[in-house]
Every structure is written in structure tokens, then in C-alpha cells.
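Taking it in order: structure first as C-alpha cells, then the write-up.
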Ligand code: NG1
Ligand code: ZN
């Protein structure tokens, strides 16, 4: 077939290094950018097949998120803007690892197994982050799409969540919004302005926010959005990419893991600051307290703020909708306790990786999900959205209920439900703080984090560690869990677990305890047990 000849010819321009084996991990393929050209071409092919199979537009995002600038990566986006379904992750791995002469066989195998009609049209949206390697790598994706006769739309530089949003808009015939970057800015900014316009006496101080753009795509995009916000939010942007290196000593991952302010952000005491990661799908907040002490407000604090706000609005609106918070093992123990015991919301724990949290959150009327690292969003079931909308439009209902329903409706419009989105989450947090008249210190005081420490351990083969119970316990190697248990017993309010990373060649160690010294010591001792 002519189509396959084209694939053969074009794949020769994107050859696979012999013997190179890569894995579609927690967030797609990720490694040094020099090893990825063939993977990108092949993901272009696979996205085209996925589009034919689903008869919908598929997204391909070229990014390595919080990883160093030299790395790159790629993830596929399914029709509703969600991460690609697990069965196709397996195909992605097979296709990426097929040696040059096996590529057509691997491709035909997917076509056969999925009974794909090659006559079906295909459409693929492509986006990229600001890494120097992203230009040529996204071109390789486009080459793959075209080699199989697919149509493409190249969005160029966009955040990961913007690309997810475009795919969802396209496949819902605009019901979710317009599939353009401007449409995204308009939808979010209008919702934000609606939410904040009736907040009395917002001072300039309350509107001011310091943003660390991690020298990445989020910095570019939040700048573009600023005019749409009509001064309702006054951003001071640092690490905007004009001089610093992507994610280097800055960005959400650095701030969360190092528990310190990023380089280049000039913060004065009490000022609200936030950091995005390299593709702007994560956000964390922080401020400098008295005596210059650094205070971090991570994904757990964000989930608590948002779920408290939503629960209050549901009560005011008199809407009987079930709300749940989905976390991972990395959630601070204090947050889980506060949510369950004080807030009385349902809390679920899933494996690391947003696709797991997203999936669990879909089971509730309203599912708030956040990884501790600041990656998360809120999902509303279709039925919940309908109930909110109906009440917001019901002129017979009393003023207080209607006000709450209108706030809920605008909140739904402000949230990017396809995936965690630093810009959308930032606007939501700012709106919630404004509506509730809360300072960042008051937000921080909702509960006190247990001191904690995260470490990375290099081992010969991280896959020997196998976990269970949402990664909170190990089942192999033999004896490791017992060793962790006996170390944990030495400390108060302590908890610790280890798991192999899905994005880096390391084992991650997490520990929390009643003091920072204890958390540090426990993490260190557990990391020694991993060797
Ligand atoms: P791994 O490397 O599997 O721990 C990291 C994050 C995840 C997720 C992915 C994708 C931690 C501890 N892990 O995964 O939460 O965000 O990257 O970006 O933060
Ligand atoms: Zn990211």
C-alpha cells in the first residue's frame, strides 16, 4: 500500500538507534532529547491510528515537564482531553522499541489488533514546550502524522493543559469552548472576572501575585493572558525565560522538593507567590513568613482550599452533591486527617500519576484531585453540572441559593477539567481567596503540615521494587517492607514508603514525622534500606 511506502521512506529520516529501549511511563516517554527523534515520528503514526480508531481528534504534546532542559518527552491525549488509555500505552512502547526493519510489522499489528479502518480520516493536534529541542521533535511528530495521511493542526508553543483543552473542545463540537488559545483565555478570564467582580473592596495588595514561570511555556502564556484579566489580577512575573534555564533552580518541582523559594523571585514577607512547572500543568504557592521562614502551600493545601470552598457553596445552594478528594501516598498525613475528620469529605488514595487520580475522581459528583506536587484539577459529573446550571437559572429560587449556584457555575467554567492546569488553578485559587476574604497565611493555617522529606536513590534496577496498596507498601524485594516498618516505629506520627519513579531512573523515598529532624533521619534510614 502506498501509505506504508510513505511510512517506510519517512521513517528512514527518523531512524531508531539500534538496541535503544524506552518505556511509555507515568507521563509518556521521557529521556535526553537526542534519543527521541524516532519516538516522535512513531508517536505521530500512533496518534493517527488512535484518531482513526476513535474517529476523533487526538493530541500529541512534546514536553518533558519538570525535567531538565536537555531532556524532552511526548504524551498522547485522548478525545476528551484525558491521558491516552493504558492499552495504547503498550502499543506506544512496542512501536517506539521496534527496530527499524520491524516498524511496519509493529504498525500493522496495531492496525490488525484494533481492527482499524485505514480509510477513516484522522486528525491530530500537536503542541510543544519551549525546550530548544521541541521544534525539531514536534516536526518529527507531524512527519509521522502526514506519513499515514492524517490531518494535523500545529498549535506550536502551548502549555500541556492548553493542548488537552483544545482536543476536548474540538471533539465536543465547541460545547466545552472554542479550540483556540484565544478562546481558552476568553473562557477562563470571563469566569474569573464574574467570580471576583462582586467581591467588595479588593485592594491592590489582594490582587497582587508573584509568579515564577520556571523559564518555560507557562511564563509566555500567562503574559498573553494578562490583558484578558483586565487588572483584576496583577501579576509580577519572574523566571520568564528571557535569561534563565528551564526548571533550573526554579519551578514548582524545585520549590516543592527543596522546600525553598526559587532563584530570582524577590518576595517580601507575606506576599503571595506561586511557581509553575516546565509545561504549566502544576502549581504550588508559598510565602515568606515572619523571620523569613519559607511556607509552602502544595497540592494538598490547594485541594483543601478548593474542596472547602465547593462544600460551602453546595451547602448554601442546597445542592445534594457528593464531593470527594483524591490524593496519592505523597499527600501530607495532616491534610488527609483534616479532610476526613474536620471537613468530613470522602478521601481516596490512588497510585501516583494523574491518570489514576483523574479516573478515581470521575466516580463522584464532584471529584477534587491533586498530587502533593501541585498537579490537579476538579471534575464535575455531567449530572452535577446540569443541577448547578438549572439552579443558577431558576429565577424562583431565593437569592442566597441562586448566588451560590452562580458562583458554582462560574467556578465550573474557570476549571480546565481535562487535566491539571497551572494557569486555571492559579485563577481558581485567587478567586477563592478573594471570595472568602482570606490571606495566604489564613489559608496556610487551615492545618499544619507534618514535616516531611523526599529523597531519590539510584539503584541498579529500580523495577525490583514492587508495591501495593496505592504504592504505600512494598511487596518485593523480600524484607524491605519489614525494614521500613521497624524504622517507622522509631519515630512519632511517622510514615514512610518507597516506590520506583515512572519518569526518572531512581527510587523515590518519602518520610514524614513529628519534626523535620525525624523526617530527615527516617528518609535517610529508609533510603539506606533500599540499597
Ligand atoms: P514519578 O517520577 O513517577 O514519581 C513524577 C511525580 C508524579 C507525576 C509525574 C508526571 C512525584 C513524587 N512524582 O512521577 O506525581 O506528576 O512525575 O509529571 O512528584
Ligand atoms: Zn508538568
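The values are calculated or read from the model by the stated rules, or taken from the named source; none is laboratory data. If you're wondering where the values come from, they're calculated on a predicted model, not measured in any experiment. Because the Cβ atoms are built from the backbone with ideal geometry, glycine has one as well, and the counts that use them run over all protein chains shown.
Out of the residues in region 270-311 that are more than 23 Å from residue 338 (Cα to Cα), free of Cβ contacts under 8 Å to residues at least 40 places away in the same chain and not in a loop (DSSP other than H, G, I, E, B), state the one that is nearest to ligand 1 (Cβ to nearest atom).
Among those that are more than 23 Å from residue 338 (Cα to Cα), free of Cβ contacts under 8 Å to residues at least 40 places away in the same chain and not in a loop (DSSP other than H, G, I, E, B), it is 288.
Take the residues in region 386-401 that are surrounded by 17 or more Cβ atoms within 10 Å (Cβ to Cβ) and touching a residue at least 24 places away in the same chain (Cβ under 8 Å); name whichever of them is nearest to residue 275 (Cα to Cα).
388
Do we have residue 492 as at pLDDT below 95 and either more than 26 Å from the chain's Cα centre (by Cα) or under 29 Å from residue 254 (Cβ atoms) (or both) here?
Criteria not met by residue 492.
Mind listing whichever residues of region 324-370 are assigned to a strand (DSSP E or B), farther than 27 Å from residue 28 by Cβ and either within 16 Å of ligand 1 (Cβ to nearest atom) or without any contact (Cβ under 8 Å) to a residue 24 or more places away in the chain (or both)?
347
Which condition from (1) under 22 Å from residue 246 (Cβ atoms); (2) surrounded by 23 or more Cβ atoms within 10 Å (Cβ to Cβ); (3) more than 16 Å from ligand 2 (Cβ to nearest atom) is the one that residue 28 breaks?
That leaves (3) as the condition not met.
Is it true that some residue in region 393-401 is farther than 30 Å from residue 453 by Cβ and within 16 Å of ligand 2 (Cβ to nearest atom)? Give the derivation first.
So the first thing to find is which residues in region 393-401 are farther than 30 Å from residue 453 by Cβ, and the list is 393-401.
Now drop any that are not within 16 Å of ligand 2 (Cβ to nearest atom), which leaves none.
Checked against the condition, which is being farther than 30 Å from residue 453 by Cβ and within 16 Å of ligand 2 (Cβ to nearest atom), region 393-401 yields no hits at all.
Kindly indicate which of 132, 79, 161, 86 is surrounded by fewer than 22 Cβ atoms within 10 Å (Cβ to Cβ) and within 16 Å of ligand 1 (Cβ to nearest atom).
On the way: 132 fails: within 16 Å of ligand 1 (Cβ to nearest atom); 79 fails: within 16 Å of ligand 1 (Cβ to nearest atom); 161 fails: surrounded by fewer than 22 Cβ atoms within 10 Å (Cβ to Cβ).
Just one listed residue meets the conditions, 86.
Say we look at region 421-448 and pick out the residues that are touching a residue at least 60 places away in the same chain (Cβ under 8 Å) and surrounded by fewer than 17 Cβ atoms within 10 Å (Cβ to Cβ); which of these is nearest to residue 81 (Cα to Cα)?
436
What is the residue count in region 315-344 for residues that are over 22 Å from the mean Cα position of the chain (by Cα) and within 14 Å of residue 300 (Cα to Cα)?
5
Please find, among 60, 39, 74, the residue that is within 15 Å of ligand 2 (Cβ to nearest atom), touching a residue at least 40 places away in the same chain (Cβ under 8 Å) and crowded, with 23+ Cβ neighbours inside 10 Å.
Unique residue meeting the criteria: 74.
The rows are residues; the columns are (1) assigned to a loop (DSSP other than H, G, I, E, B); (2) touching a residue at least 24 places away in the same chain (Cβ under 8 Å); (3) surrounded by fewer than 19 Cβ atoms within 10 Å (Cβ to Cβ).
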| site | (1), (2), (3) |
| --- | --- |
| 482 | no, no, yes |
| 487 | no, yes, no |
| 491 | yes, yes, no |
| 498 | no, yes, no |
| 505 | yes, yes, yes |
| 508 | no, yes, no |
| 511 | no, yes, no |
| 520 | no, yes, yes |
| 527 | no, yes, no |
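Return the total of residues in region 509-528 being closer than 17 Å to residue 457 by Cβ and in contact with a strand residue (DSSP E or B) (Cβ under 8 Å, 6 or more places away or on another chain).
10
From the list 272, 260, pick out the single residue that is away from ligand 2 (no atom under 16 Å from the Cβ) and in contact with a helix residue (DSSP H, G or I) (Cβ under 6 Å, 6 or more places away or on another chain).
Exactly one of 272, 260 is away from ligand 2 (no atom under 16 Å from the Cβ) and in contact with a helix residue (DSSP H, G or I) (Cβ under 6 Å, 6 or more places away or on another chain), namely 272.
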